[in-house]
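Chemist: This is the structure I want to talk about, given as structure tokens.
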């Protein structure tokens, strides 16, 4: 009985209560320090095997050392972190917990919630993997493969990071989106799936850099194919619909920035400035609306003989022109100033080369140029009438005339950058611009 009492002293209250109500107290040798936790809303990140042993080992380390403690109840968390309890965990039978697990969304039987028995081990709360190094390793590993199963491990990883209250920073997901676009194997769908699960992954499309990369990649694929491929249009449509959700640019976005007064940004704290730079209502961002206008106009040109029969082009053009009219300095200045601000860190230190903002601005100006160029080819008279159609086209041509020299200037600046003349010729901004110009000539 003394041995039984000593064993019970190391078991959590719920397990101790269950043991006391059982008949095992009369058989001390059969007592086990076993904990079977009830079903809980928190699930332990579970990964599918990949072709990279290094990536598998990295994810396994995070699962056992960071994600597992975040889903355990407090009494078990204290047990694994208290050095004085190490003997209880290491001496058989130890302490075993049952946790809920869910596989990545596209894995086999992913919809079936499961359970896993895990024997707890002593841990050091401050001995954890380095976050920045881990994110870099994951980015490098995913950039080397387009395997869907490997990329889908990103979703449980982000879920685990969210439960563990670990931030992935501002650049991790945009970089992955760019890698996915470069690969061209559809892995942007993994990121969009993570965004659809925003409450669990904290992937929000009010982060401008992320949405920008997703839209930019889709627009580039469309322009490169002469807007003949259906996938880019569906991807942008999916993004635009998702932006309306509260988890992205609705309620979540408003709550994030509602307490920041945008009167004089220089008077804001570094954290407030970073928030304003990172989170934007992308439903009203001229770049996203311009991309939407490109797809609507291309559809009218290719499928309706250049006639705006359904009114979508006129509606989107009006939305774009209204946004541009509300911007101080116009759309060109808005885009350029955004990237100049992104170039500077929160402490006022330059993070990138001087030519970088010009390259980023050139990418967005190429999309705007494409949108205006295609919209200028569409007859909106069936929707607007002759007089308003002429007014809209006059405004569009005026914007085209204003953007053309800015594109030429940005192109010259990037091409002349001292980072390597040959390398500069292959930069993505030039590929985007060439694709746009080729499409405008072709359609």
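Chemist: Spot the failing condition for residue 77; the list is (1) modelled with pLDDT of 90 or more; (2) within 17 Å of residue 157 (Cα to Cα), and only one is missed.
Modeler: All conditions are met except number (2).
Chemist: Can you say whether residue 310 is at pLDDT 90 or above, in a loop (DSSP other than H, G, I, E, B) and in the same structural domain as residue 390 (by TED's automatic domain parsing), as far as the supplied structure shows?
Modeler: Taking the combined requirement at face value, the residue satisfies it.
Chemist: Count, please, the residues in the stretch 103-139 that happen to be modelled with pLDDT of 95 or more and under 20 Å from residue 49 (Cβ atoms).
Modeler: So the answer is 4.
Chemist: Which of the residues that make up the stretch 242-254 are exposed (fewer than 14 other Cβ atoms within 10 Å of the Cβ) and outside any helix (DSSP H, G or I)?
Modeler: 244, 246
Chemist: Now for a separate question. Check whether at least one residue in the stretch 404-426 is surrounded by fewer than 17 Cβ atoms within 10 Å (Cβ to Cβ), within 23 Å of residue 295 (Cβ to Cβ) and assigned by TED's automatic domain parsing to the domain that holds residue 337, and report yes or no.
Modeler: Looking through the stretch 404-426, at least one residue is surrounded by fewer than 17 Cβ atoms within 10 Å (Cβ to Cβ), within 23 Å of residue 295 (Cβ to Cβ) and assigned by TED's automatic domain parsing to the domain that holds residue 337.
Yes or no, residue by residue, for (1) over 24 Å from residue 175 (Cβ atoms); (2) touching a helix residue (DSSP H, G or I) at 6+ places or on another chain (Cβ under 6 Å); (3) modelled with pLDDT of 95 or more:
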residue	(1), (2), (3)
366	no, yes, yes
378	yes, yes, yes
383	yes, yes, no
390	yes, no, yes
413	no, yes, no
428	no, no, no
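Chemist: Which of the residues belonging to the stretch 382-393 are assigned to a helix (DSSP H, G or I) and under 18 Å from residue 306 (Cβ atoms)?
Modeler: Once the filter is applied, which keeps residues that are assigned to a helix (DSSP H, G or I) and under 18 Å from residue 306 (Cβ atoms), the stretch 382-393 yields 382, 383, 384, 386, 388, 389, 390, 392, 393.
Chemist: Would you confirm whether any residue within the stretch 233-241 is over 14 Å from the mean Cα position of the chain (by Cα), surrounded by fewer than 18 Cβ atoms within 10 Å (Cβ to Cβ) and over 27 Å from residue 438 (Cα atoms)?
Modeler: Yes, the stretch 233-241 contains at least one residue that is over 14 Å from the mean Cα position of the chain (by Cα), surrounded by fewer than 18 Cβ atoms within 10 Å (Cβ to Cβ) and over 27 Å from residue 438 (Cα atoms).
Chemist: Right, another one. I'm told residue 322 meets every condition in (1) modelled with pLDDT of 95 or more; (2) over 25 Å from the mean Cα position of the chain (by Cα); (3) surrounded by 16 or more Cβ atoms within 10 Å (Cβ to Cβ); (4) within 21 Å of residue 280 (Cα to Cα) except one. Can you identify the failing condition by its number?
Modeler: Going through the list (1) modelled with pLDDT of 95 or more; (2) over 25 Å from the mean Cα position of the chain (by Cα); (3) surrounded by 16 or more Cβ atoms within 10 Å (Cβ to Cβ); (4) within 21 Å of residue 280 (Cα to Cα), residue 322 breaks only (3).
Rundown of residues vs (1) in contact with a helix residue (DSSP H, G or I) (Cβ under 6 Å, 6 or more places away or on another chain); (2) in contact (Cβ under 8 Å) with a residue 40 or more places away in the chain; (3) not in a loop (DSSP other than H, G, I, E, B), yes/no style:
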{"site": "126", "(1), (2), (3)": "no, no, no"}
{"site": "135", "(1), (2), (3)": "yes, no, yes"}
{"site": "173", "(1), (2), (3)": "yes, no, yes"}
{"site": "191", "(1), (2), (3)": "yes, no, yes"}
{"site": "220", "(1), (2), (3)": "yes, yes, yes"}
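The values are calculated or read from the model by the stated rules, or taken from the named source; none is laboratory data. Quick caveat, the model's predicted, so the values are computed rather than measured. For neighbour counting, all protein chains shown are included, and Cβ atoms are generated from backbone atoms with ideal geometry for every residue, glycine included.
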